[in-house]
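Presented below is the structure to which this report refers.
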Amino acid sequence: MMVETLKTELKIDKSSWKKVKFGEVVSEPKENTQNIIADGFQHIVGLEHIDSGDIHLRKSFAGDTDTTFTKVFRKGDVLFGRRRAYLKKAVLADFDGVCSGDITVFRAKKVLLLPELLPFIVNNDHFFDYAVKHSAGGLSPRVKFKDLANYEFLLPPKEEQQRLAELLWAMDEVIEKEKRNKEVYDIFFKKYLFDSVAGNLSKNITNWKSYKFGDLGESFSGLNGKSKNDFGHGKQFITYMNVFTNSRINPGMIDFVDVKDNENQNRIEYGNILFTGSSETPQDVGMSSVVLDDLGECYLNSFCFGFRLHNFEKLLPEYARFLLRGEHVRKFMFKNAQGSTRFNLSKTTVKSRLKLLLPPIEEQKVISSKLEEIEKMVVAFEQQIKTSQSLQKSLINQIF
């Protein structure tokens with residue numbers, strides 16, 4: 001309701017607003033600590049703790065973490081990522097702490113600027129563009145406060161600042177509530193996924209049968225013999241990230257590779273199950289994705305391998321996409337990942353050692369249908385959050 005109201009009713013009269021420089025209404029406090037624990041600080045913040053595009057500071061190290069950071073910030077300050085400003089990192093601190101030298105601390109001059117408004121002044125495209133333009137350095141450009149101090153913008157009178165702050169924080173609360181709702185559905189989805197594919201919810205568990213994965217089909221390899229010059233044009237192929245991030249292959253994430261008609265390459269077919277064969281961490285090895293669309297002539301990247309079911313009489317592709325992302329299979333993949341600096345998973349290992357307990361086909365249909373319904377609700381929440389965030393960003397840019 002509030003989103004629709006903002007879309008239609010927000011009108012801003014800036015005739016009484018005054019052009020100011022950022023440094024006239026915001027200061028950079030220079031407080032430092034030489035003993036974090038003795039001075040009572042419980043939070044240490046590095047640049048990695050600030051999420052791009054998020055106005056809230058959600059992560060930190062504990063105060064007893066070994067660190068060389070000495071810069072102090074206080075509750076109500078804004079922490080701005082001055083290194084690589086194009087990452088758009090700027091958050092409101094809701095606790096006192098110590099932060100990295102790659103973070104600039106902003107503090108509102110309360111006589112002129114309402115502190116509650118400062119996070120929104122900083123989190124707009126105009127400010128970030130200015131920061132990027134005035135950054136210096138090669139691989140890791142940084143911007144100084146003395147340069148940001150010259151950034152000019154229109155500042156409303158104090159009473160108007162209050163009204164705008166209330167409006168923007170109300171919009172932020174809408175987004176935070178939507179995120180909390182999504183988290184609830186995420187938890188529910190994961191629990192239902194685990195319980196359903198494990199048979200915990202089945203009234204006919206005695207009808208479930210165990211199969212060795214290799215008995216259900218045959219494995220195949222991804223592209224071979226390709227150089228970097230072969231990519232970016234030609235035939236469709238499924239990327240590593242498409243497999244890694246989606247339990248169902250996303251046709252919108254297809255890339256292209258040059259494949260000649262006489263080449264011996266494995267084509268992708270409907271119902272194929274695809275796995276990531278290597279990763280930097282054992283937790284990410286063996287992530288699966290199922291092809292549930294007709295992709296035409298399409299191939300698989302060389303860092304993944306595929307599995308083609310003999311038929312769909314024992315395992316439905318629609319059920320497989322949930323089953324193979326379930327806890328039992330993920331634990332198997334983690335346990336069988338081999339390597340030290342990079343981890344790999346053998347096709348042979350998956351085929352010969354992975355055991356699956358499968359319900360009858362009709363029950364697979366029921367389970368996968370229910371999981372799809374819950375998944376659609378999660379996706380709907382994600383889309384609503386994106387819509388609200390887009391509106392919030394538009395409002396901030398419109399105001400400042």
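Fully extending the segment from Phe312 to Thr206 would add 36.1 nm, taking 0.36 nm per residue of separation and subtracting the current Cα-Cα distance.
Measuring nothing but how far apart in sequence close Cα pairs (under 8 Å, 6+ apart) lie, relative to its length, region 101-257 scores a relative contact order of 13 percent.
Legend: ranking of residues His49, His233 from fewest to most surrounding C-beta atoms inside 10 Å; resulting order His233, His49. Counting every other Cβ atom within 10 Å of each residue's Cβ, Glu48, Glu363 order from fewest to most as Glu48, Glu363.
How big is the Rg/Rh ratio for region 128-286, C-alpha atoms only, Rh by Kirkwood, two decimals? That ratio equals 1.15. Put simply, when 66-77, 117-128 are sorted by average Cβ atoms within 10 angstrom per residue, most first, you get 117-128, 66-77. Over region 77-124, the pair-distance histogram of Cα-Cα distances with 10 Å bins from zero comes to 27, 54, 19, 0 percent, rounded to whole numbers. Packing, as the average of other Cβ atoms within 10 Å across residues, places the peptides 316-323, 218-225 in the order 316-323, 218-225, highest first.
The relative contact order of region 225-347 comes to 28 percent, based on Cα pairs under 8 Å that sit 6 or more residues apart.
Dividing the convex hull volume of the alpha carbon atoms of region 161-213 by its residue count gives 75 Å³ per residue. Net length available on complete extension from Thr70 to Gln398 is 114.4 nm, with 0.36 nm assigned per residue and the Cα-Cα distance removed. Per-residue extension of 0.36 nm, minus the Cα-Cα distance of Lys335 and Thr33, leaves a gain of 104.3 nm for this segment.
Largest first, the extents of the alpha carbon coordinates of region 219-376 on the three principal axes equal 46, 38, 29 Å. Modelled this way, with points 7 Å down the Cα-to-C-beta line, the labels at Lys19 and Lys177 are 4.0 nm from one another.
Between Lys146 and Lys158, the modelled labels are 3.2 nm apart [label points 7 Å from Cα along Cα→Cβ]. In the chain, the DSSP beta bridges split such that about 85 percent are antiparallel, to the nearest 5.
Our compactness index for region 302-400, the C-alpha radius of gyration over the empirical 2.2 N^0.38 Å, is 1.59.
The simple Förster model, with R0 at 30 Å and r as the Cβ-Cβ distance, assigns Arg342 and His134 a FRET efficiency of 0.15.
For Val243, Val174, the sequence from fewest to most other C-beta atoms within 10 Å is Val174, Val243. Evaluated at q = 0.11, 0.12, 0.18 Å⁻¹, the base-10 log of the normalised Debye intensity for region 104-165, with identical point scatterers placed on the Cα atoms, takes the values -0.29, -0.34, -0.70.
Each reported figure results from applying straightforward, stated rules to the coordinates on display, with no laboratory input. Note that the structure is a prediction, hence the values are computed from the model and not measured. All Cβ positions, glycine included, derive from the backbone under ideal geometry; neighbour counts span all protein chains shown.
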